[in-house]
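Q: Mind having a look at this structure? Questions to follow.
Each value in this text was obtained by applying a stated rule to the coordinates, not by laboratory testing. All figures in this text were calculated on a predicted structure; none of them were measured in a lab. Virtual Cβ from ideal backbone geometry, glycine too; neighbours counted across all protein chains shown.
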Amino acid sequence: MNLKDKIRRMCREKNAVIMAHYYTDGEIQEIADFVGDSLALAQKAARTDADIIVMCGVHFMGETSKILCPDKKVLVPDMEATCSLAESCPADKFAEFVASHPEHTVISYVNTTAATKAVTDIVVTSSNARQIVESLPKDMPIIFGPDRNLGGYINSITGRNMLLWDGACHVHEKFSVEKILELKEQYPDAKLLVHPECRGAVVRLADKVGSTAALLKYSISSPATTFIVATESGILHEMQKACPEKTFIPAPPDDSTCACNECSYMKLVTMQKLYDCLLNESPEILVDAEIANKAIRPINRMLEISEKLGL
Ligand code: 13P
Ligand code: SF4
């Protein structure tokens with residue numbers, strides 16, 4: 001029996017569900033029961049009746065699932081799969097920043113540790129950040145962390161002046177404006193798809209700015225046949241699968257000698273590690289109860305507002 005069949009059989013025997021983010025390797029996306037963006041993964045985890053959730057993504061995604069489903073076992077194939085954005089916002093430093101602005105409502109991007117979420121009022125993802133910010137009174141002072149690029153983008157489209165934490169994603173920061181402009185010249189009919197974690201100079205060139213799921217949806221519904229994709233290259237798997245006749249070109253990073261448009265953390269998830277973690281039911285995500293009790297509130301607020309807004 002091959003690894004894939006063994007994994008599927010173990011899932012049936014253990015009543016386990018495999019969830020995967022669009023940035024994981026294609027074969028991980030193929031074996032998953034559910035593939036989605038950060039919002040969809042949280043929504044799906046909140047509703048699953050499986051006994052075990054295997055989160056093929058990065059650590060904060062496993063933590064979010066565990067916080068939402070404290071009675072379930074949440075496994076991740078590799079504990080080292082963290083996130084540079086989450087790492088750029090240590091909870092103690094963020095708590096100091098929050099304490100120095102007591103009149104501010106605190107919005108945190110889902111790409112944060114549970115401890116950072118514990119000092120947050122509302123969690124957002126790139127799928128709902130705009131709508132959640134717009135649902136708050138216009139004059140409400142807001143802290144937005146940790147992604148300065150997503151925060152700056154939301155400020156620009158909502159006319160807000162949120163205070164931004166100075167964090168960023170090492171993948172999305174690296175896309176080259178010059179090389180994207182060259183590609184646009186080479187493919188004048190191509191649409192440029194950009195994740196809002198990219199720098200403002202890249203976002204301003206975009207035909208579509210959105211979460212991984214929003215970019216995928218746009219690529220499917222657009223009549224265009226060529227797309228330049230400025231986000232982690234794993235999303236190309238689902239795009240190409242959904243639209244085999246269209247052309248998807250990964251946007252180049254500044255340094256063409258590196259694979260900088262790949263998230264090294266997401267790519268730690270392999271079929272062998274997925275098999276091992278199901279077999280051994282380890283590594284398991286555990287979240288300190290006090291932190292989880294605090295972090296669940298802003299996560300639930302996000303899910304409630306998203307449901308109300310039909311997101
Ligand atoms: P999405 O919510 O758009 O899937 O983004 C997750 C992420 O980590 C982007 O880098
Ligand atoms: Fe984190 Fe960036 Fe990887 Fe997304 S692509 S998981 S923000 S390091």
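Q: Sum -39500 (n - 2.57) across every DSSP H segment of at least 4 residues in the chain, then divide by the residue count to get the 222 nm mean residue ellipticity, nearest 500.
A: Numbers: 15 runs with 134 residues, N = 311.
Helix contribution divided over all residues of the chain: -12000 deg cm²/dmol.
Q: So how strong a dipole does segment 122-272 carry about its Cα centre when Lys and Arg Cβ are +1 and Asp and Glu Cβ are -1, to the nearest 20 debye? Kindly include the intermediate steps, with their values, before the conclusion.
A: Details: 15 positive and 17 negative charges, 72 e Å.
Rounded to the nearest 20 debye, it is 340 debye.
Q: Also, I was wondering about something else. Evaluate the relative contact order of the chain (contact order divided by residue number), counting alpha-carbon pairs under 8 angstrom at least 6 apart; express in whole percent. Display every interim value, and only then the final one.
A: On the way: 617 pairs, mean separation 71.4, N = 311.
RCO, the chain: 23 percent.
Q: In nm, give the distance between the simple-model label positions of S100 and A242, each being 7 Å from the Cα along the Cα-to-Cβ direction.
A: Each label point is offset 7 Å from its Cα along the Cβ direction, giving 4.2 nm.
Q: Assuming a ≥ b ≥ c are the square roots of the Cα gyration tensor eigenvalues, decide whether segment 119-258 counts as rounded (a/c under 1.5), prolate (otherwise, with a/b larger than b/c) or oblate.
A: prolate
Q: Can I ask one more? Thinking of segment 156-216 as a set of Cα atoms, what percent of all their pairs are more than 12 Å apart?
A: Details: 1323 of 1830 pairs.
Here the tail beyond 12 Å accounts for 72 percent of pairs.
Q: Which translational diffusion coefficient, to the nearest whole µm²/s, is obtained for segment 120-170 from the Stokes-Einstein equation, given a Kirkwood hydrodynamic radius over C-alpha pairs, 10 °C and 1.306 mPa s? Display every interim value, and only then the final one.
A: Numbers: Rh = 11.0 Å.
Answer from the Stokes-Einstein relation: 144 µm²/s.
Q: How big is the Rg/Rh ratio for segment 58-112, C-alpha atoms only, Rh by Kirkwood, two decimals? Could the numbers behind the result be given before it?
A: On the way: Rg = 13.6 Å, Rh = 12.8 Å.
Radius of gyration over Kirkwood radius for segment 58-112 works out to 1.06.
Q: Quick one: net charge around E185, please, counting Lys, Arg +1 and Asp, Glu -1 for every other residue with C-beta under 14 Å from its C-beta.
A: Result for the local shell: -1.
Q: Quick check on packing: order 244-251, 8-15, 57-64, 190-197 by the mean number of other C-beta atoms within 10 Å, highest mean leading. Before the final figure, lay out each step's value.
A: Details: 244-251: 15.0, 8-15: 13.4, 57-64: 27.1, 190-197: 24.4.
Sorting 244-251, 8-15, 57-64, 190-197 by mean packing, highest first, produces 57-64, 190-197, 244-251, 8-15.
Q: Work out how far the C-alpha atoms of segment 208-272 reach from end to end along every principal axis, then list the three figures in whole Å, largest first.
A: Here the Cα extents, ordered largest to smallest, are 34, 31, 21 Å.
Q: Quick check: the distance between the Cα centres of segment 146-179 and segment 74-139, to the nearest angstrom?
A: Between the Cα centres of segment 146-179 and segment 74-139 lies a distance of 14 Å.
Q: If you don't mind, another one. Find the centroid of the Cα atoms in segment 17-66 and in segment 231-287, then give the distance between the two in whole Å.
A: If we compute the Cα centre of each part, the gap is 13 Å.
Q: Now for a separate question. Mind ordering 153-164, 23-34 by average Cβ neighbours within 10 Å, highest first?
A: On the way: 153-164: 16.5, 23-34: 19.4.
By packing density, highest mean first, the sequence is 23-34, 153-164.
Q: Further, regarding this structure: Extension gain L3-L163, at 0.36 nm per residue separation less the Cα-Cα distance, in nm?
A: Values: separation 160, 0.36 × 160 = 57.60 nm, distance 4.80 nm.
Full extension of this stretch gives 52.8 nm more.
Q: Let me ask something else about it. In whole angstrom, and with the biggest value first, how far do the Cα coordinates of segment 239-311 range along each principal axis?
A: Each principal axis gives a Cα extent; for segment 239-311 these are 45, 40, 28 Å.
Q: Shifting gears a bit: Rounded to the nearest 0.05, what FRET efficiency is calculated for Q272 and E185 with R0 set to 30 Å and r the Cβ-Cβ distance?
A: Numbers: r = 43 Å, r/R0 = 1.42.
The value I calculate is 0.10.
Q: Only four residue types carry charge here, +1 at the Cβ of Lys and Arg and -1 at the Cβ of Asp and Glu. Report the dipole size of the chain about the Cα centre in Debye, rounded to the nearest 20.
A: On the way: 33 positive and 42 negative charges, 142 e Å.
I would put it at about 680 debye.
Q: Return, for the Cα atoms of segment 58-157, the radius of gyration and Dmax in Å, separated by a comma.
A: For segment 58-157, the Cα-based Rg and Dmax read 14.1, 44 Å.
Q: Hey, any idea what the orientation-averaged projected area of the convex hull of the chain's Cα atoms comes to, in nm²? Before the final figure, lay out the partial values.
A: Numbers: hull surface 64.8 nm².
The orientation-averaged projected area of the Cα hull of the chain comes to 16.2 nm².
Q: Which distance in nm do the two modelled labels at T82 and S135 give, with both placed 7 Å along the Cα-to-Cβ direction?
A: Label-label distance for T82 and S135, simple model: 3.1 nm.
Q: Moving on to the next point. What value in Å³ per residue do you get for the convex hull of the alpha-carbon atoms in segment 1-112? Don't skip to the answer; put the middle values down first.
A: Working: hull volume 12.5 nm³, N = 112.
Cα-based convex hull of segment 1-112, divided per residue, equals 111 Å³.
Q: Could you pull out every whole DSSP H run in the chain that spans at least 27 Å of Cα extent along its own axis and averages -1.0 or higher on the Kyte-Doolittle scale? Write out the running numbers ahead of the final one.
A: Numbers: long enough: 289-308 (28 Å, -0.38).
Helices passing the filter in the chain: 289-308.
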